[in-house]
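Chemist: First the structure, which I've put down as structure tokens, then a few questions once you've had a look.
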Amino acid sequence: MNFVWFLLIGLCAGWLAGVLTKGRGFGIVGNLIIGVIGAILGGFLFGLLGLQSYSLLGSLVTATVGAIVLLFLVSLATKGRAKV
């Protein structure tokens with residue numbers, strides 16, 4: 001059951017990050033991928049700061065922050081590429 005919650009939180013976090021950074025989501029699969037990777041990244045970054053989340057809301061905040069950082073890093077990596 002924890003895995004299902006992880007996926008649901010990742011989906012919500014990916015959608016929130018998409019809305020906060022681009023003004024729209026990335027579709028259900030894109031939101032899920034961004035949110036899940038963001039949850040892992042956010043947990044790592046918050047762990048470096050000595051912070052932990054023990055609630056559903058805390059997990060959502062952690063995953064959303066991680067997803068926003070992920071989107072920022074992706075935008076830096078793709079900034080110089082020409083669009084076709």
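Residues are listed down the side, and each one gets a yes or a no for (1) more than 15 Å from I68 (Cβ to Cβ); (2) touching a residue at least 24 places away in the same chain (Cβ under 8 Å); (3) among the basic types (K, R):
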site	(1), (2), (3)
F6	yes, yes, no
A17	no, yes, no
V29	yes, no, no
L41	no, yes, no
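Chemist: Within segment 55-84, how many residues are part of a loop (DSSP other than H, G, I, E, B) and modelled with pLDDT under 90?
Modeler: Residues in segment 55-84 being part of a loop (DSSP other than H, G, I, E, B) and modelled with pLDDT under 90: 7 in total.
Chemist: Taking G43 and the conditions (1) touching a Leu at 6+ places or on another chain (Cβ under 9 Å); (2) under 17 Å from L73 (Cβ atoms); (3) not hydrophobic (A, V, I, L, M, F, W, C), which numbered condition does it fall short on, given that it satisfies the others?
Modeler: Of the numbered conditions (1) touching a Leu at 6+ places or on another chain (Cβ under 9 Å); (2) under 17 Å from L73 (Cβ atoms); (3) not hydrophobic (A, V, I, L, M, F, W, C), the odd one out for G43 is (1).
Chemist: Kindly check whether there is at least one residue in segment 25-48 that is of a type outside the set (D, E, K, R), on the phi > 0 side of the Ramachandran plot and modelled with pLDDT under 90. Please lay out each step first, then the result.
Modeler: Initial filter on segment 25-48 (of a type outside the set (D, E, K, R)): 25-48.
With on the phi > 0 side of the Ramachandran plot added as a condition, the list becomes 27.
When the remaining residues are screened for being modelled with pLDDT under 90, the result is 27.
Yes, the conditions are met somewhere in segment 25-48.
The values are calculated or read from the model by the stated rules, or taken from the named source; none is laboratory data. Since the model is a prediction, treat every value here as computed from it, not as a measurement. We place every Cβ from the backbone using ideal geometry, glycine too, and count neighbours over all the protein chains shown.
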